[in-house]
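Student: I have a structure here, written as structure tokens, and I will follow up with some questions on it.
What follows is calculated from the coordinates using simple rules that are stated; it is not laboratory data. All values reported here derive from a predicted model rather than from experimental measurement. All Cβ positions, glycine included, derive from the backbone under ideal geometry; neighbour counts span all protein chains shown.
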Amino acid sequence: MHIDWILGLIGGLLIGTGGAVYLLGNGRIMGASGLIGGVVDGSGRGNLGERLAFLASMLLVPLLLGLFTQLPDTHATANVWALIAAGLLVGTGTRIANGCTSGHGVCGISRLSLRGIVATVFYILAGGLSIVFFRHLLGWI
Amino acid sequence: MKKRIGALAGGLFGAGLFISGMTDTSKVQGWLDVFGDWDPTLAFVMGGAILPMAVAWQIARRMARPYAGQAFPVPNRSIDRKLVIGSVLFGIGWGLVGLCPGPAVASLTYGGTSGAVFLIAMLIGMGAAPKLRSWLDRSVPAD
């Protein structure tokens, strides 16, 4: 098996363990868009401390790990307009749908939630069509 | 206690995103791009993450309440246009740049200007979402 796949599996197990800790510990669904969005729009006022602790740790642990290995290249495009458009789409879309890859994907599918499965099918299909359109038809990315 | 549990969960999430390679947009776009040089890594990450989470849901059913919380989340079963429209918008942006909210936060310290620009735009989008959500609720009769 390719080393990237093994690292993917190990990383995935860690992500799922994080979700399990958050669910069994605090009774909350580990969804990145909900955690961040609740801070941005004020809907998470009641448990702001818990959200900020989560997000700070999520931001700092990769930096700490980078001290022992090396920080990866994100290979993100330098096209500012693509970044702005994608950021706006991801921000509004995940909050309108009330979930992203972690909330609907990981936490929803593992619960066999129809909502999570429907959301995941739509964002994967849209993502696949998006890259075909922008990369192969327009050649922008 | 809730903050400590939150920090532990966030740390595991961040470490998992880092180790799995999911903060590398080329791996995410490589998975979405079935007509390119297809990269199956994301499927391994998803599968790996779903396993412990599925066990956790089973354990949760046998617990009266979470360790430090009051209650477990009640499932929302409504499949509505917000779920579909929102997911499609998200997917378009996800395919375009290869970042979703988790990796955008986890890679902020090493994602350079691109990562920062994406995150700021994402936060603005999240700030605008409540208005769009209520507009979607009002503009079309409820189903």
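Student: Taking residue B:89 and the conditions (1) over 19 Å from the mean Cα position of the chain (by Cα); (2) closer than 23 Å to residue B:118 by Cβ; (3) in a helix (DSSP H, G or I), which numbered condition does it fall short on, given that it satisfies the others?
Tutor: (1)
Student: Looking at A:106, A:132 in this structure, which one is assigned to a helix (DSSP H, G or I), of a type in the set (Val, Ile, Thr) and over 21 Å from residue B:18 (Cβ atoms)?
Tutor: Only one candidate passes the filter, namely A:132.
Student: Now a separate question. If you go through region B:29-85, how many residues are over 18 Å from residue A:103 (Cβ atoms) and surrounded by 18 or more Cβ atoms within 10 Å (Cβ to Cβ)?
Tutor: Residues meeting the conditions: 8.
Student: Also: Residue by residue through region A:78-97, note down the ones that are facing chain B (nearest Cβ under 7 Å), surrounded by fewer than 22 Cβ atoms within 10 Å (Cβ to Cβ) and either at positive phi or not in a helix (DSSP H, G or I) (or both).
Tutor: Correct list: A:78 only.
Student: Yes or no: region A:114-130 includes at least one residue that is more than 7 Å from chain B (Cβ to nearest Cβ), out of contact with any strand residue (DSSP E or B) (no Cβ under 8 Å at 6 or more places or on another chain), crowded, with 21+ Cβ neighbours inside 10 Å and not small (Gly, Ala, Ser).
Tutor: Checked against the condition, which is being more than 7 Å from chain B (Cβ to nearest Cβ), out of contact with any strand residue (DSSP E or B) (no Cβ under 8 Å at 6 or more places or on another chain), crowded, with 21+ Cβ neighbours inside 10 Å and not small (Gly, Ala, Ser), region A:114-130 yields at least one hit.
Student: Restricting to region A:1-36, give me the number of residues that are out of contact with any Pro (no Cβ under 8 Å at 6 or more places or on another chain) and at the interface with another protein chain (Cβ under 7 Å from one of its Cβ atoms).
Tutor: 13
Student: Still on this structure, please answer the following. Can you name the residue in region A:60-75 that is more than 7 Å from every other protein chain (Cβ to nearest Cβ) and of a type in the set (A, V, I, L, M, F, W, C) and is also nearest to residue B:114 (Cα to Cα) among such residues?
Tutor: A:60
Yes/no matrix, rows are residues, columns are (1) in a loop (DSSP other than H, G, I, E, B); (2) within 19 Å of the chain's Cα centre (by Cα):
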position	(1), (2)
B:99	yes, yes
B:110	yes, no
B:121	no, yes
B:128	no, yes
B:132	no, no
B:136	no, no
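Student: Which residue pairs have Cβ atoms under 6 Å apart, sit 6 or more places apart or on different chains, and have a first residue in region A:112-129 that is under 19 Å from residue B:54 (Cβ atoms) and a second that is in a helix (DSSP H, G or I) and hydroxyl-bearing (Ser, Thr, Tyr)?
Tutor: What qualifies is A:119/B:87.
Student: Taking only pairs six or more apart or across chains, which ones have beta-carbon atoms under 7 Å, a first residue in region B:44-64 that is at the interface with another protein chain (Cβ under 7 Å from one of its Cβ atoms), and a second residue that is among the charged types (D, E, K, R)?
Tutor: Taking only residues 6 or more apart or on different chains, the pairs are B:57/A:111.
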